[in-house]
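Shown next, in structure tokens, is the structure this report addresses.
The values are calculated or read from the model by the stated rules, or taken from the named source; none is laboratory data. Note that the structure is a prediction, hence the values are computed from the model and not measured. Here the Cβ positions follow ideal geometry from the backbone for every residue, glycine too, while neighbour counts run over all protein chains shown.
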């Protein structure tokens, strides 16, 4: 992926020096949630999507994830940190894509902030932890990432490559786009009125749309800045395949249970990313009004 020398976003906060590392019990809902429960939460609602904090809070018996008081804005990452620079460039690229798209629709794109952290960190959605993987919190409109996840993506999930990492960021920004469009609020308002199976099915449509939005970003970025190199698309498609619900359940030695899916199958995730990549159109990403996912 061609990214060096491109603009870096100013919307990156570096909390990595604030401590809170380690993977001990995580206090949620008044009770401590251990790493085993976190793993279950990951498998139930894995990495790129709807905030896993809610799942963890439910496991702890706390209902909705608690709201925590936000700390002061952390400083920007050091200029010599290549991994942080990469994230900053990708975030800037999403800004350069979504800002004109919203302008053309007569709206204003409110750029999200991206927080780098280690271990645990406070969010407006509850306490975030590295083991949850990257996530977006609509309460503070921030994307949270422990850069160690990219090692997990490469070594444990078998999805290496910079463009696979960029796909992760673009997917989370896709959730921010959904939040700005009012989709997140509408979906959340429906959850209390439908069954768990229907709620899971709704979550799948949310996640697949975020995958499609990530593809829209890739399309626009490629047309404007020629960021793709040979093998990049395959890298992102491989990442999408590795984190499909069916693939994760199989890798955990569990039976594949479609009613429990919250993010979609590997084939569905690949399909919707490809839809956004080929079309470059948000209209093509309407996962809510299609019968075939």
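Residue 252 - would you say it is under 15 Å from the mean Cα position of the chain (by Cα) and in contact (Cβ under 8 Å) with a residue 60 or more places away in the chain? Judged against the criteria, residue 252 is not a match. One residue alone among 177, 233, 216, 173 is crowded, with 24+ Cβ neighbours inside 10 Å, closer than 30 Å to residue 81 by Cβ and over 14 Å from the mean Cα position of the chain (by Cα), and that residue is 216.
In a residue-by-residue description of segment 243-252, the property of being surrounded by 12 or more Cβ atoms within 10 Å (Cβ to Cβ) and under 16 Å from residue 165 (Cβ atoms) applies to at least one position.
Against the definition (surrounded by fewer than 18 Cβ atoms within 10 Å (Cβ to Cβ), more than 19 Å from the chain's Cα centre (by Cα) and modelled with pLDDT under 90), how does residue 191 come out, yes or no? Working first, answer last.
Working: surrounded by fewer than 18 Cβ atoms within 10 Å (Cβ to Cβ): yes; more than 19 Å from the chain's Cα centre (by Cα): yes; modelled with pLDDT under 90: yes.
Answer is yes for this residue.
For segment 104-115, the set of residues classified as surrounded by fewer than 23 Cβ atoms within 10 Å (Cβ to Cβ) and either assigned to a loop (DSSP other than H, G, I, E, B) or in contact with a strand residue (DSSP E or B) (Cβ under 9 Å, 6 or more places away or on another chain) (or both) consists of 105, 106, 107, 108, 109, 110, 111, 113, listed by residue number. Candidates are the residues of segment 74-103 that are assigned to a helix (DSSP H, G or I) and in contact with a strand residue (DSSP E or B) (Cβ under 8 Å, 6 or more places away or on another chain); the one that is surrounded by the fewest Cβ atoms within 10 Å (Cβ to Cβ) is 84.
Determine if segment 53-65 includes at least one residue that is modelled with pLDDT of 50 or more, in contact with a strand residue (DSSP E or B) (Cβ under 9 Å, 6 or more places away or on another chain) and closer than 23 Å to residue 242 by Cα.
As a first pass, look at segment 53-65 and keep what is modelled with pLDDT of 50 or more: 53.
Remaining after also requiring in contact with a strand residue (DSSP E or B) (Cβ under 9 Å, 6 or more places away or on another chain): 53.
From what's left, closer than 23 Å to residue 242 by Cα: 53.
Yes, that holds for at least one residue.
Filtering segment 246-289 to residues that are assigned to a loop (DSSP other than H, G, I, E, B) and closer than 23 Å to residue 101 by Cα leaves 280, 281, 286.
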